[in-house]
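The values are calculated or read from the model by the stated rules, or taken from the named source; none is laboratory data. Since the model is a prediction, treat every value here as computed from it, not as a measurement. FYI the Cβ positions are ideal-geometry reconstructions off the backbone, even for glycines, and counts take in every protein chain you see. Note: areas computed on protein heavy atoms with side chains; ligands, DNA, RNA excluded. Shrake-Rupley method; radii C 1.70, N 1.55, O 1.52, S 1.80 Å.
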Amino acid sequence: MGMSMAYGSGNDEESIATIRRAYELGITHFDTAELYGMGTGANEILLGQAVKGFRDKIVIATKFGFDLPNMGPGKSPLDSRPERIRVVVENSLRYLQTDYIDVLYQHRVDPAVPIEDVAGTVKDLIGAGKVRFSGMSEAGASTLRRAHAVQPVSVLQTEYSLFERDVEREILPAVRELGIGFVPYSPLGRGFLTSTVKPAAEYEESDMRRWDERWQGENYTKNLAAVEQLHQLAASEGLTVAQLALGWLLAQGDDIVPIFGTKTRSRLEENVGAATTSLSAVTLARVKEILPNGSFGARYPADFMPTWT
Ligand SMILES: NC(=O)c1ccc[n+]([C@@H]2O[C@H](COP(=O)([O-])OP(=O)(O)OC[C@H]3O[C@@H](n4cnc5c(N)ncnc54)[C@H](OP(=O)(O)O)[C@@H]3O)[C@@H](O)[C@H]2O)c1
């Protein structure tokens, strides 16, 4: 996502080199979405180009669910009508230069379309060989169960990190009961759980962290103090904060596959180091003492906050 939107400007050459280096380092799961090109296909085109030489060796996940052609004030940004899903999938296949999508996610639950209709459409696309597995993002346990009854859901993707732990109450128990894998997005708290966080005003104009609540006023000061403690803890284990944050997620279970985002090879290489770290029980407990309830400040403004039903 960050290679095309949300976190300031990108550099396609370095982005492509980063994706290819990821594959060399053993990463085989790549996440994109229609949304990340705002209807232009930009992020899917970038990914398709980068993975051309090894496409059949990796998992490509993409997402539908927004009404990008008709976005505007006073209108729902969501659109999971079956006819729209089919159009988005054809576009994604073309942009990604592939015959099949490994994981097709509904990006956000659309209250205007029964989830059974959405799941039924994905089932048809799987039957047609255009999609291999079904995924959902930010769905609540009840919606997940209804979709799963029509077409088995392979993975649920939702924000989960040292900063955002709400999924631990109902969502993780539900996916585990149903045998669904869990993909935490923004595992580095959109870059706060690293050594390079800076005040909101210092990010580029187009960077969403300028208005993210976790970066504002007292929230920022408190979150920064927690990250400084995490930094000391990480250093005592010979790790960086990013490696500690990813290692903590990996320690939550084998069914958890965090997807971090970075635009550069150097940070990719740093983050991949988390895969070979094993955090002690003492360190895991200390992490929870530092951030007992996650971050200060909500992860989305109220208008954008997903409701898990
Ligand atoms: N389903 C959804 O609704 C949803 C929502 C958000 C994201 N996602 C998916 O999840 C993926 C990851 O989310 P995210 O990008 O928000 O995750 P993230 O990994 O929590 O944060 C990414 C930010 O952290 C920075 N960063 C990464 N590694 C770093 C390091 N070692 N040191 C310092 N800074 C570092 C990146 O900067 P640089 O790029 O400059 O390195 C970037 O600004 C996205 O790419 C997207 O595919 C899904």
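Report ³J(HN,Hα) in whole Hz for each residue of the range 77-94, in order, from the Karplus equation J = 6.51 cos²θ - 1.76 cosθ + 1.60 where θ = phi - 60°; Gly and Pro get x.
The phi angles translate into x, 8, 7, 10, 5, x, 5, 6, 4, 5, 5, 4, 5, 4, 4, 4, 4, 5 Hz.
How large is the convex hull of the C-alpha atoms of the range 24-159 per residue, in Å³?
Per residue, the Cα convex hull of the range 24-159 comes to 111 Å³.
Under unit Cβ charges (Lys, Arg +1; Asp, Glu -1), what dipole magnitude, rounded to 20 debye, does the range 46-180 have relative to its Cα centre?
So the magnitude is around 340 debye.
In nm, give the distance between the simple-model label positions of Gln232 and Ala281, each being 7 Å from the Cα along the Cα-to-Cβ direction.
With each label placed 7 Å out from Cα toward Cβ, I get 2.5 nm.
Over the chain, what is the percentage of antiparallel beta bridges among all DSSP beta bridges, to the nearest 5?
So the antiparallel bridges amount to about 5 percent of the total.
Any idea what the dipole of the range 161-220 comes to, in debye rounded to 20, about its Cα centre with Lys/Arg Cβ at +1 and Asp/Glu Cβ at -1?
Rounded to the nearest 20 debye, it is 180 debye.
Before anything else, pin down the relative contact order of the range 237-309: Cα pairs under 8 Å, at least 6 apart, normalised by residue count, whole percent.
Computed value for the range 237-309: 32 percent relative contact order.
Would you work out which of Leu35, Asn91, Ser154 lies farthest towards the positive end of the dipole of the chain, given +1 charges on the beta-carbon of Lys and Arg and -1 on that of Asp and Glu, about the Cα centre?
About the Cα centre, the residue reaching furthest to the positive side is Ser154.
Do you know the relative contact order of the chain, to the nearest whole percent, from alpha carbon pairs under 8 angstrom that are 6+ apart?
Relative contact order for the chain comes out at 18 percent.
Could you give the length gained by full extension between Arg81 and Tyr300, i.e. 0.36 nm per residue of separation minus their alpha carbon distance, to one decimal place?
Once the chain is fully extended between Arg81 and Tyr300, it gains 76.4 nm.
Normalising by the residue count of the range 1-159, find the relative contact order in percent from Cα pairs under 8 Å and 6+ residues apart.
Relative contact order for the range 1-159 comes out at 18 percent.
Taking amide H positions as placed 1.01 Å from N in the peptide plane, with prolines and chain starts having none, which residues 5 or more places from Leu78, or on another chain, fall under 5 Å of its amide H?
Asp67
So for the pair Asp12, Lys198, with labels modelled 7 Å out along Cα→Cβ, what separation do we get in nm?
2.6
Got a sec? Charge dipole of the chain, +1 on Cβ for Lys and Arg, -1 for Asp and Glu; which of Ile180, Ala245, Gln232 is way out at the positive end?
Ile180
Report the accessible area of Arg81, computed with a 1.4 Å probe over the heavy atoms of all protein chains in place, in Å² rounded to the nearest 10.
Rounded to the nearest 10, that gives 110 Å².
Report the net charge of residues surrounding Val287, where surrounding means a beta-carbon distance below 13 angstrom and charges are Lys +1, Arg +1, Asp -1, Glu -1.
Charge balance in the 13 Å sphere: +1.
Roughly what angle does helix 12-24 make with the longest principal axis of the chain, taking Cα atoms, 0 to 90 degrees, to the nearest 10?
Helix 12-24 and the main axis of the chain meet at about 80 degrees.
Which whole-number value in Å³ per residue fits the convex hull of the alpha carbons of the chain?
Hull volume over Cα atoms, normalised by residue count, gives 129 Å³.
Between Ala112 and Thr307, what length in nm is gained on full extension when 0.36 nm per residue of separation is reduced by their alpha carbon distance?
So the extension gain works out to 68.8 nm.
Lysines within cross-link reach of Lys130: Cα-Cα under 22 Å, excluding same-chain residues under 8 positions apart?
Lys52, Lys57, Lys63
Which of these, Glu34, Glu270, Glu24, has the largest mean-square fluctuation under a Gaussian network model of the chain (Cα springs below 10 Å)?
It is Glu24.
Quick check for me: using +1 on Lys/Arg Cβ and -1 on Asp/Glu Cβ, what's the dipole size of the chain about its Cα centre, in debye to the nearest 20?
Here the chain has a charge dipole of around 300 debye.
Report the chymotrypsin sites (Phe, Trp or Tyr not before Pro) located in the range 98-192 that are in a DSSP loop and have at most 10 other Cβ atoms inside 10 Å of their Cβ, or state none.
The qualifying sites: there are none.
Sorted by accessible area with a 1.4 angstrom probe, largest first, how do Met136, Met5, Met38 fall?
Met38, Met5, Met136
What nm distance separates the two modelled labels at Glu90 and Thr40, each placed 7 Å from Cα along Cα→Cβ?
Here the answer is 2.3 nm between the modelled labels.
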